[in-house]
1. Counting only residues 5 or more places away or on other chains, whose amide H sits under 5 Å from the amide H of Tyr311 once H atoms are built in the peptide plane?
2. Once you order the gyration tensor axes a ≥ b ≥ c over the Cα atoms, which shape class does segment 165-286 get: rounded for a/c under 1.5, otherwise prolate or oblate by comparing a/b with b/c?
3. If you add up the charges near Arg88, with Lys and Arg at +1 and Asp and Glu at -1, over every other residue whose beta carbon is less than 15 angstrom from its beta carbon, what do you get?
4. How high is the FRET efficiency between Arg296 and His335 when r is their beta carbon distance and R₀ equals 22 Å, given to the nearest 0.05?
5. How many angstrom lie between the Cα centre of segment 321-358 and the Cα centre of segment 224-248?
6. Can you check what the net charge comes to around Lys288, using other residues whose Cβ is under 14 Å from the Cβ of Lys288 (Lys, Arg +1; Asp, Glu -1)?
7. Identify all aspartates and glutamates with a Cα-Cα distance to Lys306 below 17 Å; exclude those on the same chain that are fewer than 8 residues away in sequence.
8. Using DSSP to define loop residues, name the GluC sites (Glu not before Pro) in segment 1-101 whose beta-carbon has at most 10 other beta-carbon atoms within 10 Å.
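Read-outs throughout are calculated quantities, based only on the coordinates presented, and are distinct from any laboratory measurement. In this text the structure is predicted, and so the values were computed from the model without any measurement. Positions of Cβ are backbone-derived with ideal geometry, glycine not excepted, and every protein chain shown enters the neighbour counts.
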Amino acid sequence: IQEADLVLFLVDAKTGALPQDKDLARSVRKINSKIALVANKIDDPRQLALAGMPEMYGLGIGEAHAISAVTGRGAGDLLDAIYEQLARQNRPPQAIETEESLRLVIMGRPNVGKSSLMNSILGEERVIVSAIPHTTREPQDTTFEWQDKKVTLVDTAGMRKRAKIERGIEEAGIERNREALMKADIALLVLDANEGPLGQDQFLAGLLKNAGRGVILVANKWDLVEDKKTWTSDSFEFEIRRAFPFLAWAPIIFISAKTGQRAEKVLDLAFTIQQERDRQIAYNALQKLLKTAITRHKPVPYSGPKAPRIYDVVQIGVKPPTFEISVVGDKIGIHESWIRFLEHQLREKFGFHGTPIMIKARNIAATSIKGADNKKKIKLEKAKHPWARKRRPIGRKGGRY
């Protein structure tokens, strides 16, 4: 309230200004004197008189602006009044910044330290931190600059098991978490190092995998782990890998949000992963890799005895890196195990650390590549024919043909 250029004090016009409204208005006036009174729920023009009731003036804020948030009535007039008041304060509208920032969404079970991690990265108390679960009710965005780069951190509400989610505010907050995830570039899955990965952590990990975003597994509260040895982190990492085998490509970092231990390294890792998400591989390099992969492990059909013939592989997108393989034949499919094998080959050759890889298969008719194959065949036959030998110049040994 103190940092605001203007405070909109909202009152229910149907109930009028209640005693608690007067107490709150008195407190707000002591913090910031720039206040605009707004009387809401005036859905019918015949109710405009409610905004001028004596108790509204008793709040000590001034004349109320009558609006209806449901129908939008009076919202334009309120916006004009806001512009005028800000102009008098020499606070004109600012241009919209078009520069994109790296969006990091922090997700995890309740009370694993998501808000503490956000405060630790920011270096200040921007988010309420409490030992009571569900202190954060909905995603909170904070944009800042780090090493001349813009970053947006999104703190989300803790996600419990579906059976324990309460209807209302918590349920709406969980839905907004999913929306925040789909808008993010990289997701930080925060785990409690003292408890290890639990069932709800596995559910959230599966949610992140299917979202197609970069993922960092953050083991928080590392300072509270007792009797740490040189192999303690390796043991905990083994547990995580066993619980999330489908996130084997996601890096793990051990931090303490409370003490700030390795908290800033999360940002270093996030920018590295973003570069991996933007990586593009040349067509020729992909063909060489495909040839090697087929030699090592022949493609397995989805059904039927005939092995599929793969014509080529191309990269068709980034964020995440997306590849498409062309399979000759209309009704021939490739088994998912070979797709995973090809993904492993791509990671082994090109990296893609911390980002999922999407591989799609499309079927092409044999006639579409028949012409190209015939040209290759004719070229090979000509090379084998004795008349196709290179003509020797006149005057050299052996004469000419």
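1. Sorted by chain and number, the residues that satisfy this are Ser326, Val327, Val328.
2. Working: a/c = 1.70, a/b = 1.10, b/c = 1.55.
Oblate.
3. On the way: positive: Lys34, Arg91; negative: Asp5, Asp80, Glu84.
Cβ neighbours under 15 Å give a net charge of -1.
4. Working: r = 15 Å, r/R0 = 0.70.
Once the sixth-power term is evaluated, E becomes 0.90.
5. 28
6. Values: positive: Lys291, Arg296, Lys349; negative: Asp312, Glu348.
Net local charge, Lys288 excluded: +1.
7. Leaving aside aspartates and glutamates fewer than 8 places away in the same chain, those within reach of Lys306 are Asp330, Glu336.
8. Working: sites: Glu3, Glu55, Glu63, Glu84, Glu97, Glu99, Glu100; in loops: Glu3, Glu63, Glu97, Glu99, Glu100.
Of the GluC sites (Glu not before Pro), the ones in loops of segment 1-101 whose Cβ has at most 10 other Cβ atoms within 10 Å are Glu3, Glu97, Glu99, Glu100.
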